[in-house]
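Encoded as structure tokens, the structure appears first; notes follow it.
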Amino acid sequence: MDVAVVFLPLIGAIIAGLFGRQIGDRGAQLVTCGLLGLSALLSLVVFHDVVIAGNVHVTELFTWIDSGSFELSWALKLDTLTAVMLSVVTVVSCMIHIYSIGYMAHDKSIPRFFSYLSLFTFFMLMLVSADNFLQMFFGWEGVGLVSYLLIGFWYERPSACAAAIKAFLVNRVGDIGFALGIMGAFFLFGAVGFDQVFAAVPEFAEARFTFVGIEGHALTIICILLFIGAMGKSAQIGLHTWLPDAMEGPTPVSALIHAATMVTAGVFMVCRLSPMFEYAPVALSLVTYVGAITAIFAATVGLCQNDIKRVIAYSTCSQLGYMFFAAGVSAYGAAIFHLGTHAFFKALLFLGAGSVIHAMSDEQDMRRMGGLWKRIPYTYGLMWAGSLALAGIPFFAGYFSKDLIIEAALGAGSDAGVFAFWMGVSAAFLTALYSWRLILMTFHGKPRMEQSIWDHVHESPKVMIIPLFVLAAGAVFGGAAAPFLVGDGREAFWGESLLVLFGNDSIEAAHHLPLSVKLLPIVVAVLGIAVAYWMYMAQPGLPAALARTFRPIYLFLLNKWYFDELYDALFVRPAFAIGRGLWKKGDGAVIDGYGPDGIAATTISLAQRISRLQTGYVYHYAFAMLVGVVGLVTWYILSRLG
């Protein structure tokens with residue numbers, strides 16, 4: 001059954017991709033959605049079997065690598081962590097597939113689109129069910145490949161092609177770290193299977209080795225390299241620049257990549273490798289700091305974006321920061337809990353934004369919206385549900401997961417934890433502010449679009465609205481899982497899936513914090529909503545006035561801290577200059593100049609000179625023959641005399 005959960009989306013992708021012309025658009029939609037829906041149902045059965053019935057197991061499919069003494073099987077690891085991820089990924093992806101039937105109804109490449117969606121889901125399922133590092137890397141690279149195809153799906157647009165290439169290249173930077181981390185793990189432990197590596201970690205807890213000439217704690221070096229891979233895939237600060245540009249893909253792609261799949265792969269990886277990270281406290285501190293900085297960075301940038309999808313994209317980046325600093329303070333259960341709740345409310349927000357874009361005839365600029373709540377009431381209400389969950393308002397799903405992360409950071413008692421706590425509180429205020437900025441600019445106030453667009457504003461079809469209600473149920477009621485995932489029953493629930501060493505249980509410490517600490521995230525969230533209402537409803541001219549008064553700060557945030565400009569100056573332009581120099585002076589002037597082009601030019605020059613001898617006059621030819629005869633006779637006589 002677990003094999004069916006993983007491979008049914010692959011079958012759907014193959015059928016839609018290879019036989020799309022034969023089965024048609026409707027056939028491709030039915031096959032991919034039907035098989036993924038079946039996979040989602042079976043994932044719930046697997047969840048019951050593994051989590052409730054306690055049937056933790058590994059399903060070996062075949063021998064993958066057999067070289068000398070090294071043997072590696074292709075296997076599916078079914079424990080609580082895998083079962084949770086299988087359920088979240090398949091259910092959310094299934095809703096996105098169904099939504100796409102309506103959203104992509106008029107696209108000319110429907111079978112290709114649905115094939116890519118299902119293939120993306122398969123690789124993500126392969127990643128979360130991996131039994132070893134190499135199998136995880138296979139799924140890791142697979143989602144990177146298909147993300148390139150999905151972001152650049154509308155390849156007629158130069159901006160989409162550029163965004164796809166950017167995502168691919170930035171992820172490759174992180175993947176180099178991930179690959180080196182895997183090599184380091186094999187070098188240290190002599191194995192790549194998770195069970196073998198995890199069992200050997202305590203034995204090598206104090207081991208040291210040399211990496212690029214630097215001697216250091218082996219597990220710290222390995223875990224930092226692995227985390228670099230997570231930074232790329234999960235868009236942490238420094239390797240985040242691909243994420244907003246990924247909005248060039250269709251909206252369902254944005255929901256799929258930014259909700260339960262690709263961007264959460266890094267969080268899952270760190271939690272899966274908790275038995276290694278727990279013995280590398282320096283690496284955990286790095287995870288905490290990077291996550292906390294990412295949370296506040298993305299929240300500040302989200303304040304000034306005007307594209308409705310980009311606001312939600314930076315929100316994703318910020319929430320991933322929360323997940324990482326939760327893992328950094330050993331609150332792995334809270335990180336996965338927020339991963340799950342975030343999957344539902346963020347997919348809801350993205351698809352809700354898609355419904356707005358659909359109603360607005362593909363307009364995405366919030367400055368050209370307003371007053372939409374009257375025309376699209378279902379979308380309006382569902383966006384409220386997602387925003388309340390995102391802001392952490394009681395008693396929506398985000399309240400239970402995000403607030404616990406903030407509390408766990410303080411409960412950890414470390415300098416990194418305290419830093420993450422204050423960054424998390426500040427980001428919570430900004431999250432509520434930009435969330436209600438989006439709600440108020442989009443749905444309230446006077447309509448700011450052209451009359452022709454306003455006349456055509458309409459609610460999305462049922463095939464798009466029904467999946468939003470399913471996702472809204474997760475956003476509203478997902479917090480009910482808190483007692484199992486992060487409450488008193490968490491140890492029994494997670495079993496051996498997550499390891500927290502004695503003294504590192506920040507979730508337990510969070511439960512004993514003062515009430516004032518627990519109320520602080522709620523207070524700042526409500527304050528953020530109030531400030532947004534004051535700025536965009538009570539005093540609608542205030543944002544523009546602030547932007548003029550603090551223009552340098554406004555431009556700094558609007559231009560995303562100038563990361564793209566910095567990378568363009570440091571890497572892109574020098575790379576282009578080097579490439580152009582090698583092309584023009586190296587390849588063109590030297591290689592071609594002295595090679596094929598040089599030989600060809602010399603041959604042509606000689607041929608032209610020889611051709612001048614062909615005058616057409618008989619006496620010239622007779623003279624040439626006479627010269628030849630004289631030369632031949634001279635050579636013969638000289639050779640005889642010699």
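Remarks
- In the range 179-219, the residues that are aliphatic (A, V, I, L, M) and exposed (fewer than 12 other Cβ atoms within 10 Å of the Cβ): VAL212, ILE214
- Considering residues of the range 422-448 that are among the hydroxyl-bearing types (Ser, Thr, Tyr) and more than 17 Å from PRO394 (Cα to Cα) only, the residue most open to solvent (accessible area, probe 1.4 Å): SER426
- Note on the range 9-37: residues that are under 15 Å from VAL463 (Cβ atoms) and either of a type in the set (D, E, K, R) or assigned to a loop (DSSP other than H, G, I, E, B) (or both) amount to 2.
- Residue-level check: of (1) more than 30 Å from SER43 (Cβ to Cβ); (2) over 16 Å from the mean Cα position of the chain (by Cα); (3) of a type in the set (Lys, Arg), LYS166 misses just (2).
- When restricted to residues that are surrounded by 15 or more Cβ atoms within 10 Å (Cβ to Cβ) and over 30 Å from the mean Cα position of the chain (by Cα), the range 547-562 contains 1.
- Annotation for the range 166-178: at least one member residue is assigned to a helix (DSSP H, G or I) and within 30 Å of PHE19 (Cα to Cα).
- Checking each residue in the range 68-86 for being over 15 Å from PHE123 (Cα atoms) and of a type in the set (Ser, Thr, Tyr) picks out SER69, SER73, THR80.
- Filter pass, ALA347 being in contact (Cβ under 8 Å) with a residue 24 or more places away in the chain, more than 18 Å from the chain's Cα centre (by Cα) and in a helix (DSSP H, G or I): no
- Restricting ALA218, ALA259 to those that are of a type in the set (Gly, Ala, Ser) and modelled with pLDDT under 90 reduces the list to ALA259.
- Entry remark, the range 173-215: residues being touching a Gly at 6+ places or on another chain (Cβ under 8 Å) and under 19 Å from PHE70 (Cβ atoms) number 2 in total.
- Restricting the search to helices (runs of 4 or more DSSP H) fully inside the range 563-642 and requiring at least 1 residues that are surrounded by fewer than 11 Cβ atoms within 10 Å (Cβ to Cβ) gives 573-581, 596-611, 618-641.
- Flag for ALA544 being under 36 Å from the mean Cα position of the chain (by Cα) and open to solvent by less than 80 Å² (accessible area, probe 1.4 Å): yes
- Filter pass, SER118 being on the phi < 0 side of the Ramachandran plot, hydroxyl-bearing (Ser, Thr, Tyr) and part of a helix (DSSP H, G or I): yes
- If you go through the range 532-562 and keep only what is of a type outside the set (S, T, N, Q) and not in a helix (DSSP H, G or I), you end up with PRO540, GLY541, PHE550.
- Residue in the range 449-467 that is of a type outside the set (A, V, I, L, M, F, W, C), out of contact with any Ser or Thr (no Cβ under 6 Å at 6 or more places or on another chain), crowded, with 24+ Cβ neighbours inside 10 Å and on the phi < 0 side of the Ramachandran plot present: yes
- Whether a residue is in contact with a helix residue (DSSP H, G or I) (Cβ under 7 Å, 6 or more places away or on another chain), at pLDDT 90 or above and crowded, with 24+ Cβ neighbours inside 10 Å was assessed, and LEU390 passes this test.
Residues checked against (1) hydrophobic (A, V, I, L, M, F, W, C); (2) under 23 Å from GLY333 (Cα atoms); (3) in contact with a Phe, Trp or Tyr (Cβ under 7 Å, 6 or more places away or on another chain):
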residue	(1), (2), (3)
ILE176	yes, no, no
GLY190	no, no, no
VAL197	yes, yes, yes
VAL201	yes, yes, yes
ALA230	yes, yes, no
PRO244	no, no, yes
VAL267	yes, yes, yes
LEU273	yes, yes, no
GLU278	no, yes, no
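- Sole residue being open to solvent by 10 Å² or more (accessible area, probe 1.4 Å), modelled with pLDDT under 90 and of a type outside the set (Asp, Glu), chosen from PHE395, PHE400, PHE419: PHE395
- Qualifying residue in the range 325-347 (condition: within 18 Å of TRP436 (Cβ to Cβ) and at pLDDT below 95): yes
- Residue pairs whose Cβ atoms lie under 8 Å apart, sitting 6 or more positions apart in sequence or on different chains, and linking a residue in the range 368-387 that is under 16 Å from LEU468 (Cα atoms) to a partner that is of a type in the set (Val, Ile, Thr) and open to solvent by 40 Å² or more (accessible area, probe 1.4 Å), are ALA385/VAL476.
- Qualifying position, being under 16 Å from ILE439 (Cβ atoms) and either open to solvent by 10 Å² or more (accessible area, probe 1.4 Å) or of a type outside the set (Ser, Thr, Tyr) (or both), among ARG272, ARG367: ARG367
- Scanning the range 350-361 for residues that are under 20 Å from PRO467 (Cβ atoms) and assigned to a loop (DSSP other than H, G, I, E, B) yields one hit, MET360.
- Every residue from the range 95-114 that is open to solvent by 10 Å² or more (accessible area, probe 1.4 Å) and either under 22 Å from VAL263 (Cβ atoms) or β-branched (Val, Ile, Thr) (or both): MET95, ILE98, ILE101, TYR103
- Restricting the range 55-83 to residues that are assigned to a loop (DSSP other than H, G, I, E, B) and touching a residue at least 40 places away in the same chain (Cβ under 8 Å), the residue that is nearest to the chain's Cα centre (by Cα): ASP79
- Residue in the range 283-293 that is under 30 Å from TYR533 (Cβ atoms), in contact (Cβ under 8 Å) with a residue 40 or more places away in the chain, open to solvent by 10 Å² or more (accessible area, probe 1.4 Å) and touching a helix residue (DSSP H, G or I) at 6+ places or on another chain (Cβ under 8 Å) present: yes
- In this entry, PHE62 is excluded by the filter for residues that are over 23 Å from GLN135 (Cα atoms), among the aromatic types (Phe, Trp, Tyr), at pLDDT below 95 and surrounded by fewer than 19 Cβ atoms within 10 Å (Cβ to Cβ).
- One residue stands out in the range 220-240 among those that are open to solvent by less than 10 Å² (accessible area, probe 1.4 Å), hydrophobic (A, V, I, L, M, F, W, C) and assigned to a helix (DSSP H, G or I): the one that is farthest from ILE296 (Cα to Cα), namely ILE222.
The values are calculated or read from the model by the stated rules, or taken from the named source; none is laboratory data. Treat the numbers as computed from the prediction; the structure is a model and nothing was measured. Backbone-built Cβ (ideal geometry, glycine too); neighbour counts: all protein chains shown. Calculation scope for accessible area: heavy atoms of the full protein, side chains included, ligands and nucleic acids excluded. Shrake-Rupley method; radii C 1.70, N 1.55, O 1.52, S 1.80 Å.
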